[in-house]
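I have placed the structure first, in the form of structure tokens, so that the comments after it can refer back to it.
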Ligand code: ME8
């Protein structure tokens, strides 16, 4: 079961346009997907949009549009943003698609038949922005504890899911599988939440109609979170293509922002248990990004769109910055100052200059052909060892989604290659005919250093690293695999090396 590596992002509400927050999760999922493909795994990477619910219905009504026309229009912004960011998702699910609504209806029907769903009425608070039911004790100064917006008092007939029946099993699973909910601090919060006692969960609404009708009672539409969580199995044909489902489920990683962890670590596991399905392997809740020290919001007018930054910095630098600057799991603050500094220091200087000076010398001294490796000396052996160590620590960190630490290791290696070029001084060797073999050795190993860097950085900056790979005469980076291609010395002698434009032209600070 689950031979395919399966990674997901949340499905985003279509009432807001993509911004650096939603892009953060999506880029991280893309890095994971690309890294696993590089390792030769078959990958299924899913993202999509959450299109039902009261919030979307209200947004459409404000524009005098039907909800369907409105979501059809806005979904394009998501597709465009992910194209712009080189997101390699294998599918894009929309909860208004038939393939989804059919599965969602079958799922709820199954739970109803097994006695996990019952009719009652809900009287309490509701936050439309977060689409969440809230107890009075959960309110913060009378407002939604998450988004700090006013809440509505609702009283309606609802179907309930017997969440309380699964509380002990969900808790036991979380406690027995410490990797299931990450990072640890967030897991502890989930554990305390469950221990405080779980009430049954309302899973239908009757005060509006924009949702999936319940198959056993058409007066009700499915609660949008119950509907949305099911995207993770509807997209892989649960109930319609059992063979495909078996190969793909359970998900290896559900990536989510910290504010929606409870839905994924409490309600979703209980829903899966009720249907007799295995639980996802890992749920990771990352931190929240602020902008120049403030929460991002439409009313503050400080929402940053990926497209603005991509036009200033380029897509690769965009992806690099967000993965390098913040520790995944911890909150972070975006600022143009830190982005520009990292761009100039780490991309233009450390990496871009290294590539440019190596290629310039191969062009000038060896007419653009990678020379013979020759016999390695102490410096080359040290560099090769450093590469092997870096690969090992890089992989360990990638496996636990410590993207910033993984990149920091690669940058230490980049510094080591820069130092290698400095101490070997190929420009001095080039002045002495008798040192031709030494010059070959230094240029070869410098190219090899670049090749190793491209392999590790590829999941983060696929475009620039693809270009670096091609300029080393290596063909398509998408065909490379680790560990096979990670062994030191994979650079073929005689490869046609091409000197090109700066990969990361310096920016004004
Ligand atoms: O919650 N910093 O959708 P949503 C970091 N439809 N990440 C952020 C962020 C920020 N400032 N803002 C948003 C929903 N995100 C539901 C999900 S899943 C079955 C249904 C990211 O459009 C982060 O991943 O409000 C967060 O969890 C998600 O966008 C919320 O997106």
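Normalising the average separation of contacting C-alpha pairs (under 8 angstrom, six or more residues apart) by the number of residues puts the relative contact order of the chain at 16 percent. Using a cutoff of 8 angstrom between alpha carbon atoms and counting only pairs six or more residues apart, the relative contact order for the stretch 213-360 works out to 18 percent. Computed over the stretch 41-103, the P(r) curve from all C-alpha pair distances, binned at 10 Å from the origin, holds 19, 44, 29, 6, 1 percent per bin.
Per 0.36 nm of contour for each residue apart, how much would the distance between residue 240 and residue 114 grow if the chain were fully extended, relative to their Cα-Cα spacing? Provide the component values of the computation, followed by the final result.
Numbers: separation 126, 0.36 × 126 = 45.36 nm, distance 1.99 nm.
Extra length from residue 240 to residue 114 when fully extended: 43.4 nm.
Here the stretch 1-77 and the stretch 449-509 have alpha carbon centers that stand 30 Å from each other. As a proxy for reagent exposure, ranking 346, 17 by other Cβ atoms within 10 Å from fewest up yields 17, 346.
Where Rh denotes the Kirkwood radius from the mean inverse Cα pair distance, what is Rg over Rh for the stretch 255-305? All intermediate terms of the calculation are to be shown ahead of the outcome.
Details: Rg = 15.7 Å, Rh = 13.1 Å.
Result for the stretch 255-305 is an Rg/Rh of 1.20.
Report P(r) for the stretch 420-509: all Cα-Cα distances, bin width 5 Å, range 0 to the bin holding the largest distance, values in whole percent. Bins of 5 Å from zero give 2, 12, 22, 21, 18, 13, 8, 4, 1 percent of pairs.
With contacts taken as Cα pairs under 8 Å at a separation of at least 6 residues, the stretch 336-486 carries a relative contact order of 25 percent. Can you give me the C-alpha center-to-center distance between the stretch 183-226 and the stretch 294-353, rounded to a whole angstrom? The two parts, judged by their Cα centres, are 35 Å apart. Note on residue 64 and residue 484: with the Förster distance fixed at 56 Å, the Cβ-Cβ geometry gives a FRET efficiency of about 0.45.
Against the main long axis of the alpha-carbon atoms of the chain, helix 98-113 sits at an angle near 50°. Shape index of the stretch 336-486: Rg/Rh, with Rg the Cα radius of gyration and Rh the Kirkwood radius from the inverse mean 1/r over Cα pairs, equals 0.97.
Here is the P(r) of the stretch 226-358: all C-alpha pair distances, binned every 10 Å from 0, give 10, 29, 24, 23, 12, 2, 0 in whole percents. Projected label points at residue 499 and residue 431, each 7 Å from Cα along the beta carbon direction, are separated by 1.9 nanometres. Spin-label model, residue 292 to residue 506: label points 7 Å out along the Cα-to-beta-carbon direction sit 2.6 nm apart. In whole angstrom, the chain maps to an equivalent ellipsoid with semi-axes of 50, 23, 20, each derived as √(5λ) from the alpha carbon gyration tensor and ordered largest first.
What per residue convex hull volume, in Å³, comes out for the stretch 189-273 when only alpha-carbon positions are used?
Values: hull volume 11.3 nm³, N = 85.
For the stretch 189-273, the hull spanned by Cα atoms encloses 133 Å³ per residue.
The modelled label-to-label distance for the pair residue 3/residue 303, using points 7 Å beyond Cα in the direction of Cβ, is 4.3 nm. Using the alpha-carbon atoms, what tilt in degrees (0 to 90, nearest 10) does helix 436-457 show relative to the longest principal axis of the chain? On a 0 to 90 degree scale, this one is about 0.
Sorting the segments 160-168, 249-257, 475-483 by their residues' average number of neighbouring beta-carbon atoms within 10 angstrom, most packed first, yields 249-257, 160-168, 475-483. Computed over the chain, the per-residue total of -39500 (n - 2.57) for DSSP H runs of n ≥ 4 gives a 222 nm mean residue ellipticity of -14000 deg cm²/dmol, rounded to 500. Computed log10 I(q)/I(0) for the stretch 5-286 at 0.11, 0.13, 0.15 Å⁻¹: -0.62, -0.90, -1.26, from the Debye equation with unit scatterers placed on every C-alpha and solvent omitted.
Using the 10 angstrom Cβ neighbour count as an exposure proxy, how do 355, 51, 176, 372 rank, fewest first?
Arranged by neighbour count, lowest to highest, 355, 51, 176, 372 become 176, 372, 355, 51.
What does the extension gain come out to for residue 136 and residue 98, with contour length at 0.36 nm per residue minus their alpha carbon separation?
Details: separation 38, 0.36 × 38 = 13.68 nm, distance 3.70 nm.
Fully extending the segment from residue 136 to residue 98 adds 10.0 nm.
The angle separating the long axis of helix 184-195 from the principal Cα axis of greatest extent in the chain is about 10 degrees.
Bear in mind that the values in this text are calculations on the coordinates, not laboratory data. Bear in mind the structure is a predicted one, so any value in this text is a computation, not a measurement. Glycine gets a Cβ as well: all are built from the backbone with ideal geometry, and neighbour counts include every protein chain shown.
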